[in-house]
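These notes concern the structure reproduced below.
The values are calculated or read from the model by the stated rules, or taken from the named source; none is laboratory data. Remember, it's a predicted structure, so these values are computed and weren't measured experimentally. Don't worry about glycine lacking a Cβ; one is built from the backbone with ideal geometry, like all the others, and counts go over all protein chains shown. Quick note on the areas: whole protein, heavy atoms, side chains included, nothing else; ligands and nucleic acids left out. Shrake-Rupley method; radii C 1.70, N 1.55, O 1.52, S 1.80 Å.
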Amino acid sequence: MKPIRCFTCGKLLGDKFEEFERRVAKGERPARVLDDLGLTRYCCRSTMLTSVDLMDEIARFKK
Amino acid sequence: MELEVRKLTNEEMEFLLSGADPAFANALRRAMLREVPIMAIDEVEFTVNDSAMYDEVLAHRLALIPLRTPDGYSLPSECKCGEGRCPKCSVTFELKREGPAMVMSGDLKSSDEEVRPVSDSIPILKLAEGQRVELTAIARLGFGKEHAKWQPGLVTYKYMPVFELDEEACDACGACIKSCPRNLLQLVEDKLKITYIERCSMCRACAEACPKKAIRISGDQTKFIFRIESTGTLPPERILLGALDALEDKCREFVKKVKKL
């Protein structure tokens, strides 16, 4: 699953991934979208850019 | 001591504190981070969890959801119930979903309408076909010094930058203007001027670039530019007031102890 908060500063990011991914998939520049989401610090920006959701992969195996 | 509020919104506050000193400014900052109680999920009871996520991981994710914190709740340590489970010191959230579904923060059913997630669209857990999750989460007041989930936001300050120019040595060559990463320097009628001094990060690139060593950059240790960024649990001015209350209480208690000597 995507992180709920920024690992470094604790800002809420969970509710921003949907918009970020939708707009980037449409071809917008990630930097612009991050600006629009109000993410000014590089900790939050890198968390948004580098998080990979592995939930579907993990769900295939037994807990 | 003077306070000048520069910006105030529901989530952000910027103010200039002047006539103070670094020790006081830092005490204020740390009190805001550590001593202002807010609500966060503290205990989770699982009835069913068929998902691929372990109980502990799910409980941790639930705890990180910022909750709006109204007045009137008492600290579990000071509550008469003594258990941290009564309606005066705790709020219960019920969650019951069956897959396939994306469980969102909005699916949490709170026992108090006023204590609810800051945003309803935070994905918590993905459930595959046939998987179920059923749990009760208990939120309580707590302090940032115990866990970062109880930190009401981010508080930073910096010294007010001071830009000093030796006007006799300066020959307006412009080397400093090119060096400034924030483009704050400019020439006005052949005289070097700094615009928006508050935006200066005090990197001293201009001072280093100047061949005549005419620029001196320093910080004014009596003036502080504060920034409070709330996670949405409390409005920023309430974070400031809460910190002042905490500092006041600490001082009172200390005075009491000293007077007993």
On Cα atoms only, tilt of B:236-260 relative to the major axis of chain B in degrees: 90
Burial ranking of peptide ranges B:5-13, B:47-55 (average Cβ count within 10 Å, highest at the top): B:47-55, B:5-13
When the range B:38-150 is reduced to its Cα atoms, the Kirkwood hydrodynamic radius in Å: 14.3
Shielding of B:55-67 by partner chains, average beta-carbon count, 10 Å: 2
Rounded FRET efficiency, nearest 0.05, which uses the C-beta distance separating A:CYS43 from B:ASN183 and R0 of 22 Å: 0.35
Exposure ranking of B:LEU33, A:LEU54 by accessible area [1.4 Å probe, largest first]: A:LEU54, B:LEU33
Estimated [θ] at 222 nm from DSSP helical runs (n ≥ 4, -39500 (n - 2.57)) normalised by residues in chain B, nearest 500: -6500 deg cm²/dmol
Net charge dipole size for the protein assembly as shown [Lys, Arg +1 and Asp, Glu -1 on Cβ; Debye, nearest 20]: 640
³J(HN,Hα) computed for each position of the range B:70-82 - Karplus, 6.51 cos²θ - 1.76 cosθ + 1.60, integer Hz, glycine/proline x: x, 5, x, 7, 9, 5, x, 6, 9, 6, 5, 5, x
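Shielding of B:117-127 by partners, i.e. mean partner chain Cβ atoms within 10 Å per residue?
Rounded to a whole number, the mean comes out at 4.
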Shielding by partners, peptide B:174-186 (average Cβ within 10 angstrom, other chains): 0
Cα-Cα pairs of the range B:149-190 separated by more than 17 Å (percent): 53
Whole-number D in µm²/s for the protein assembly as shown (Stokes-Einstein; Kirkwood sum over Cα pairs; 25 °C, 0.890 mPa s): 107
Accessible surface ranking that places the most exposed of B:CYS180, A:CYS44 first, with a 1.4 angstrom probe: B:CYS180, A:CYS44
Nearest-10 value in Å² for the accessible area of A:MET1, using the 1.4 Å probe: 40
Residue list for the range B:223-259, given a label point 7 angstrom along the Cα-to-Cβ vector of B:GLU12 and an amide N cut-off under 20 Å: B:224-241
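Provide the buried accessible surface between chains B and A in square angstrom, both chains summed, 1.4 Å probe, rounded to the nearest 100.
1800
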Ratio of the Cα radius of gyration of chain B to 2.2 N^0.38 Å, where N counts its residues: 1.38
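With N residues in the range A:14-59, what two-decimal value do you get for its Cα radius of gyration over 2.2 N^0.38 Å?
1.20
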Cβ-based net charge around B:GLY142, under 14 Å, with every Lys or Arg adding one and every Asp or Glu removing one: -1
Hydrodynamic radius (Kirkwood) for the range B:152-232, which is based on Cα pairs only, to one decimal in Å: 13.8
Cysteines in chain B that, by Cβ-Cβ distance, have no pairing candidate under 4.7 Å: B:CYS170, B:CYS173, B:CYS180, B:CYS200, B:CYS203, B:CYS210, B:CYS251
Heavy-atom accessible area ranking, 1.4 Å probe, most first, across B:ARG29, B:ARG61, B:ARG34: B:ARG34, B:ARG29, B:ARG61
Paramagnetic label zone (point 7 Å from Cα along Cα-to-C-beta, B:CYS203; backbone N under 15 Å) in the range B:144-183: B:176-183
Separation in nanometres of the label points that stand 7 Å from Cα toward Cβ, at B:LEU241 and B:GLN221: 3.4
Protein-protein interface of the range A:17-57, residues with accessible area decrease of at least 20 Å², isolated chain reference, 1.4 Å probe: A:ARG41, A:MET55, A:ASP56
